[in-house]
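Worksheet: the structure to be examined is printed underneath.
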Protein chains: 2
Amino acid sequence: MSNDTEKQTASAWFKELRDQICASFEAIEDDCTGPLSNREPGRFERKSWQRTNQSDGAEGGGGTMSIMRGGRVFEKVGVNISTVHGTFEPEFAKNMPGADKDPSFFATGVSLVAHMNSPRVPAVHMNTRFISTQKAWFGGGADLNTALPIVKDTADFHAAFKAACHRHGDSYYERFKKWCDEYFFIPHRNKPRGEGGIFYDQLASGDWAADFAFTQDVGRSFNEIYPALVRRHMNEAWTDAEREKLLEYRGLYAEFNLVYDRGTSFGLKTGGNVDAILMSLPPEAKWP
Amino acid sequence: MSNDTEKQTASAWFKELRDQICASFEAIEDDCTGPLSNREPGRFERKSWQRTNQSDGAEGGGGTMSIMRGGRVFEKVGVNISTVHGTFEPEFAKNMPGADKDPSFFATGVSLVAHMNSPRVPAVHMNTRFISTQKAWFGGGADLNTALPIVKDTADFHAAFKAACHRHGDSYYERFKKWCDEYFFIPHRNKPRGEGGIFYDQLASGDWAADFAFTQDVGRSFNEIYPALVRRHMNEAWTDAEREKLLEYRGLYAEFNLVYDRGTSFGLKTGGNVDAILMSLPPEAKWP
């Protein structure tokens, strides 16, 4: 269980990170001189939602979606924050740490998915969260999703998170990279969803401040390396054939999210905010 | 349990129906004078697969996918037949009629999904099958999936299956229409996948010949009404805005198939033929 200061500190950080990321992404739109720079630079639009359709009056909270569509570089990107509390459904509570006896929970986090116009610019997913039941922990991660992977980009993405991990725990990178590889795998295609990254959950070392600092570092590292990778390729022209490869790759991405992603299927089947959950789906995909 | 004659009779019918449907659809391609009639008429290509990657040597059989892509009318349509036998996984066997003591099974069927270029021409799904364990039964159905539904088309589609049902059982239409409405519903969108049709399963009246005759009638009725609906609209021009509505509608369709459809999720998670299972996914979809 966590105290109010911790909850508020975590929640405030996710909001601050959201603002920093949105600013980075809008700056990318401003600076693009590539194929679609005849468009106006994309801008985020915000839309808030309340967690109201619950039968239990103790449920509450809500979130804000920040979505940018049809930009010069970003085809569709969502940066969602939410802070909610309530009681888990019995079926769910028994599988959640610290919720078996008392199903009440608090959860706050930021979740981001970026789909890009260019097949040469990687797409990405990032999420960090803090959850409190009778226990309390951090979780999150980031993974790169590229139709046409480039070895140096993949290496630099991994290196950024390796550095962040090594600043906080000797075993973190090895464990969290492996966890990511295992989670973002599409069994029926027998291939990974993308190039991986890190994934961690139930991080509760006993030192709240240290775990929070790591989660902050993951967010800050993301907001350094990902914009750098985007800028590396955003002004390159691409071919129709490359764009077709991107659209097919996005089919796989949608398959993973709808068939396997625990957050998506749990959210959809338990009355979560559908728009926020499905923000992750690609703006356009093909199964030719 | 069914005898070999019944198994062969059912399997032969599904193959014959496949041939009849493919002929109907290719005739539509020939007769189209609409917006994309500068293309060559589409033709089905066949690809067979064997059920070989099973650890149990008693497993066997296979199927044939017939796929037509990029036609004048049909953007992507698959008509798959398969005849397989083996033993259900223990987890699955306990939920299958007649398989709790002996998990061996035989299954044969035809499955069809058509996605159309024009937002004014309905998409459709049709499937009929015969399954034999220590029990034996038929199942199947058909449902219409239109981005821009037209009242008369929907009514005519339902009327065709109502007539087929009434030729075989007084209660069939009412029960099977309701079953379809309940099955093809997307809870997280709180809307149906399409305009419905009929859906039935575990049909075992005690009269094999009667149940087979009904299943044949469902297939023949499909091959009358659906081509008629396609021909009704295939030469109409459509707008870009209508096509966008089609692509968004297909996003919902993909959500249903990947999140809720039992056949899809079961097939993907148990090593079915991925290409045949995912044939149902739309050639292009949008989540704007």
Inter-residue pairs, beta-carbon under 6 Å, first within 17 Å of B:H233 (Cβ to Cβ) and modelled with pLDDT of 95 or more and in region B:142-167, second among the charged types (D, E, K, R) and surrounded by fewer than 19 Cβ atoms within 10 Å (Cβ to Cβ), 6+ apart: B:A147/B:K245
For region B:175-184, name all the residues that are free of Cβ contacts under 8 Å to residues at least 60 places away in the same chain and under 18 Å from the mean Cα position of the chain (by Cα). B:F176, B:K177, B:K178, B:W179, B:C180, B:D181, B:E182, B:Y183
When you scan region B:244-256, do you find a residue that is under 24 Å from A:H115 (Cα atoms), without any contact (Cβ under 8 Å) to a residue 40 or more places away in the chain, outside any helix (DSSP H, G or I) and in contact with a helix residue (DSSP H, G or I) (Cβ under 7 Å, 6 or more places away or on another chain), even just one? no
Here the residues within region B:237-252 that are out of contact with any strand residue (DSSP E or B) (no Cβ under 7 Å at 6 or more places or on another chain) and either within 16 Å of B:D30 (Cα to Cα) or open to solvent by less than 40 Å² (accessible area, probe 1.4 Å) (or both) are B:E242, B:L246, B:Y249
Tally of residues being more than 14 Å from the chain's Cα centre (by Cα) and closer than 28 Å to B:A10 by Cβ across region B:217-255: 7
Selected residue (criterion: nearest to B:K245 (Cα to Cα)) from residues of region A:253-263 that are at the interface with another protein chain (Cβ under 10 Å from one of its Cβ atoms) and surrounded by fewer than 21 Cβ atoms within 10 Å (Cβ to Cβ): A:V259
When A:Q8 is run through (1) touching a helix residue (DSSP H, G or I) at 6+ places or on another chain (Cβ under 7 Å); (2) open to solvent by 80 Å² or more (accessible area, probe 1.4 Å), the failure sits at (1)
A:H188 is checked against (1) more than 17 Å from A:A123 (Cα to Cα); (2) surrounded by 14 or more Cβ atoms within 10 Å (Cβ to Cβ); (3) modelled with pLDDT of 95 or more; (4) not polar (S, T, N, Q) and fails just one. What number does that condition carry? (3)
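Just to verify a result, which residue in region B:135-150, among those that are assigned to a strand (DSSP E or B) and of a type in the set (A, V, I, L, M, F, W, C), is nearest to B:P119 (Cα to Cα)? Spell out the reasoning first.
At the first step, the residues of region B:135-150 found to be assigned to a strand (DSSP E or B) are B:136-145.
Next, only the ones that are of a type in the set (A, V, I, L, M, F, W, C) stay: B:136-138, B:142, B:144.
Details: B:A136: 40, B:W137: 36, B:F138: 33, B:A142: 19, B:L144: 13 Å.
Once the filter is applied, the top-ranked residue is B:L144.
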Take A:R243 and tell me if it is away from every other protein chain (no Cβ under 14 Å) and either touching a Pro at 6+ places or on another chain (Cβ under 7 Å) or over 30 Å from B:K269 (Cα atoms) (or both). no
Just to be sure before I move on: is B:P119 open to solvent by less than 10 Å² (accessible area, probe 1.4 Å), in contact (Cβ under 8 Å) with a residue 40 or more places away in the chain and either part of a strand (DSSP E or B) or within 25 Å of B:R250 (Cα to Cα) (or both) in the structure I sent? yes
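The values are calculated or read from the model by the stated rules, or taken from the named source; none is laboratory data. Because the structure is a prediction, the values reported are computed rather than measured. All Cβ positions, glycine included, derive from the backbone under ideal geometry; neighbour counts span all protein chains shown. The area values use the complete protein model at the heavy-atom level, side chains included, leaving out ligands, DNA and RNA. Shrake-Rupley method; radii C 1.70, N 1.55, O 1.52, S 1.80 Å.
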